[in-house]
1. What number of residues in region 141-167 are free of Cβ contacts under 8 Å to residues at least 24 places away in the same chain and surrounded by 13 or more Cβ atoms within 10 Å (Cβ to Cβ)?
2. If you go through region 140-159, how many residues are outside any strand (DSSP E or B) and either modelled with pLDDT of 95 or more or in contact with an Asp or Glu (Cβ under 7 Å, 6 or more places away or on another chain) (or both)?
3. Run down Lys114, Lys140 and say which single residue is under 19 Å from the mean Cα position of the chain (by Cα) and among the basic types (Lys, Arg).
4. Pull out all pairs, ordered by first then second residue, where Cβ-Cβ is under 6 Å, the residues are six or more apart or on different chains, the first lies in region 188-217 and is acidic (Asp, Glu), and the second is part of a loop (DSSP other than H, G, I, E, B).
5. Look at region 74-90 and say how many of its residues are open to solvent by less than 70 Å² (accessible area, probe 1.4 Å) and not acidic (Asp, Glu).
6. Counting only residues that are farther than 14 Å from Leu79 by Cβ and open to solvent by 70 Å² or more (accessible area, probe 1.4 Å), which one in region 118-134 is farthest from the chain's Cα centre (by Cα)?
7. Of all residues in region 91-117 being open to solvent by 10 Å² or more (accessible area, probe 1.4 Å) and in a loop (DSSP other than H, G, I, E, B), which is modelled with the highest pLDDT?
8. Out of Asp175, Asp134, I need the residue that is modelled with pLDDT of 95 or more and in a helix (DSSP H, G or I). Which one?
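The values are calculated or read from the model by the stated rules, or taken from the named source; none is laboratory data. Since the model is a prediction, treat every value here as computed from it, not as a measurement. Here the Cβ is made from the backbone with ideal geometry for all residues, glycine too, and neighbour counts use every protein chain on show. Only protein heavy atoms, including side chains, enter the accessible area calculation; ligands, DNA and RNA are left aside. Shrake-Rupley method; radii C 1.70, N 1.55, O 1.52, S 1.80 Å.
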Amino acid sequence: INQLREKQEYDKTIRLLMIVLVVGFAIIILLFFRSWRFRGKANQLLSSNNKHIQEQHHELNKLNLVLKNQSEIDSLTQLNNRRYLSSFVNDYCHDTKNLGQHWILILIDIDFFKNVNDQYGHPTGDIILKEFADNLNKVKAEDDILVRWGGEEFLWLVKCDEINKAQTYCKLLHDRLNNFEFDKKNNGLKITCSMGFYPFQLTHINLIDWEFALKVADTALYQAKNSGRDKWIGYQPSIPLNIKDLEININTLIAVSYTHLTLPTI
């Protein structure tokens, strides 16, 4: 009887242990399943969040590009503005592989534009500026850069090493304007412009060539305006220039002038 009782107690203990093991194993399986489900949901949520972040990053890049374009595009003429040109020149000049590139810098000023605003009003003046920009786009080459330099002044940058090409471009614009009526629906105005140009070679990475070219082209433009307008005047070095020559004035340059007899109509 005692042995039977001991065996029953032993069997009872074994059954209890088996029940504990089964329950423990069931709990482990349940915890593992819950962990697996949680991990799956977590991975799914993480994947969804990553996708959402990527989409937001993509949208942010698009928005930044739009804002960059808006900050670098003139809203009236849709040409590049000074901010764009400054960024372009700075990046371009500091890339050593661009050293040696020849450029033609053309500054353009609409003749007697103040008279247009005074006589016909600023809305007409805005139409003139937009149509003038359209005409510039029609005569420029594909790789040229056009910039609204400020007010009625424009900048035309051409990759080219022939000074005669500058005169060719100026004549193209002059002839197009000569055959174009501005604000045709309302006033049918004839508009002319003065141009100053300077061909130069990029030889330094400290922007000295660019700054000097701006100074020379600006001087040529004012000479064109002061000598009757509706013409272009350009400069080219009379002798090869080095870095020291760029620090002096433009007396080392010779003028190349083409004058047209067409009188301004305003």
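1. Adding up the residues that qualify gives 1.
2. 1
3. Within the list Lys114, Lys140, the selection yields Lys140.
4. From region 188-217, the pairs are Asp209/Leu202; Asp209/Thr203.
5. 11
6. Per the stated criteria, the residue is Gln119.
7. The selected residue is Phe112.
8. Being modelled with pLDDT of 95 or more and in a helix (DSSP H, G or I) holds for just one of Asp175, Asp134, which is Asp134.
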